[in-house]
1. Given the conditions (1) out of contact with any Pro (no Cβ under 7 Å at 6 or more places or on another chain); (2) of a type outside the set (Lys, Arg); (3) surrounded by fewer than 15 Cβ atoms within 10 Å (Cβ to Cβ), and given that A:Pro165 satisfies all but one, which numbered condition is not satisfied?
2. How many residues are crowded, with 18+ Cβ neighbours inside 10 Å and within 15 Å of the chain's Cα centre (by Cα) if we restrict to the stretch B:107-131?
3. Report, by residue number, each residue of the stretch A:171-191 that is at the interface with chain B (Cβ under 7 Å from one of its Cβ atoms), within 18 Å of A:Pro112 (Cα to Cα) and surrounded by 14 or more Cβ atoms within 10 Å (Cβ to Cβ).
4. Being touching a Ser or Thr at 6+ places or on another chain (Cβ under 6 Å), without any contact (Cβ under 8 Å) to a residue 60 or more places away in the chain and closer than 17 Å to B:Ile106 by Cβ: is that true of B:Pro57 here?
5. Mind listing whichever residues of the stretch A:103-125 are closer than 17 Å to A:Pro187 by Cβ and in a helix (DSSP H, G or I)?
6. Can you list residue pairs whose Cβ atoms sit under 7 Å apart, with the first residue in the stretch A:102-122 being free of Cβ contacts under 8 Å to residues at least 24 places away in the same chain and facing another protein chain (nearest Cβ under 8 Å) and the second being surrounded by 16 or more Cβ atoms within 10 Å (Cβ to Cβ) and of a type in the set (Val, Ile, Thr)? Count only pairs 6 or more apart in sequence or on different chains.
7. When the stretch A:123-144 is examined, which residues are found to be touching a residue at least 40 places away in the same chain (Cβ under 8 Å) and basic (Lys, Arg)?
8. Look at B:Gly146 and say whether it is exposed (fewer than 15 other Cβ atoms within 10 Å of the Cβ), modelled with pLDDT under 95 and in a loop (DSSP other than H, G, I, E, B).
Protein chains: 2
Amino acid sequence: METVHDILDEGILAHVAFADDGMPIVLPMIYARIEDQLYIHGAKATRLFKKLKVGLPVCINVTIVDGLVVGRSAFHHSMNYRSVNIHGTARLVEDEQEKYNALVAITDHLAPGRWEETREMTKKEAAATTVIAVTIETAAAKHRAGMPVDDEEDYDLDHWAGIVPITTAYGQPIDDARLKDGIQVAPSIRTLTSRK
Amino acid sequence: METVHDILDEGILAHVAFADDGMPIVLPMIYARIEDQLYIHGAKATRLFKKLKVGLPVCINVTIVDGLVVGRSAFHHSMNYRSVNIHGTARLVEDEQEKYNALVAITDHLAPGRWEETREMTKKEAAATTVIAVTIETAAAKHRAGMPVDDEEDYDLDHWAGIVPITTAYGQPIDDARLKDGIQVAPSIRTLTSRK
């Protein structure tokens, strides 16, 4: 379970899939994990959250791309990646404390420590937000790492082979055009950028 | 449709969802587009491709993350992104020429021009590979760009706000440990890296 948690904590986007009258739907969403719960959130009024809150079965995938695997043959090209697939049932979070904790976690998942730096959440904002939880019951982590595995006889060929590392890079923060004079980039955001 | 094609051509991973006896499944896959067809491939023997080839309805999402949107309130945090959602029906590609073209396109989608640099595909490799096509009939592109949109009264607060650009960065290629002496990094891979 540690690998599953590590991948979920490092990932940025979750792809959340469910069936709507038998038709598959998949959407990218930000998310956060607290212990064995995965949380997603959205505007109360959206069609998606009206559907999910009735307790639909969902499948959630989080994938981190680590590199391009370049073989001597096209057949042995691949990606290096770490991926988690979760099956579970969507549950509407009704407990106020759990909902609050989930919203903190989702904000801090974007940039650790960010919640504490922001203007306090209003009751109106909380009421306008739906939080859905999925218990991580069955989770499968898959990964690929390392060099291509070519056909033995292909190692004598003159084609280049190897890997190209792929990373998600955070660039320099850009101030909002309406930022008040003298406001420095927040610590959580500086930390994010220096992680690069 | 141009925006849809641009996003599909720039993306790296597609998340492919389908319903298996009513239960949603979503998996990350490499892919390529040729005109209005989206192609994915896999080993003939895998459970996934045995299911898809019978013509299941699928939903495919490709998302490119462009940045973190940092508001003065947690509520107005968001992501900048470009995303395409496609609904269609999986079709087994049986025509040999279409299958060949799709495999070329998938390899060149990883690194443009790579197919020509690799050892020729064997009949055995082609036979072991299943290619699935999905016609891009209904495709919806969504995106968010630019600065946070905070509550009007929050612009007077002393919280930092702005965006943090996020990019997918290709690192320096790493030679396969068994690469023959004197083989230089292939042109397609050099191009990929200099794109960073």
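The values are calculated or read from the model by the stated rules, or taken from the named source; none is laboratory data. Worth saying up front: this structure is predicted, and the values here are computed from it rather than measured. Cβ placement follows ideal geometry from the backbone for every residue including glycine, while neighbour counts extend to all protein chains displayed.
1. The single condition A:Pro165 does not satisfy is (3).
2. Adding up the residues that qualify gives 4.
3. Step one: filter the stretch A:171-191 for residues at the interface with chain B (Cβ under 7 Å from one of its Cβ atoms), giving A:171, A:173-180, A:183-186, A:189.
If we keep only those that are within 18 Å of A:Pro112 (Cα to Cα) as well, we get A:171, A:173, A:184-186, A:189.
A:Gly171, A:Pro173, A:Val185, A:Ala186, A:Ile189 - these are the residues of the stretch A:171-191 that are at the interface with chain B (Cβ under 7 Å from one of its Cβ atoms), within 18 Å of A:Pro112 (Cα to Cα) and surrounded by 14 or more Cβ atoms within 10 Å (Cβ to Cβ).
4. In short, no.
5. To start, the set of residues in the stretch A:103-125 that are closer than 17 Å to A:Pro187 by Cβ comprises A:104, A:107-119.
Matches in the stretch A:103-125: A:Val104, A:Thr107, A:Asp108, A:His109, A:Leu110, A:Arg114, A:Trp115, A:Glu116, A:Glu117.
6. A:Trp115/A:Val104; A:Trp115/A:Thr107
7. To start, the set of residues in the stretch A:123-144 that are touching a residue at least 40 places away in the same chain (Cβ under 8 Å) comprises A:127-144.
Passing the criteria: A:Lys142, A:Arg144.
8. no
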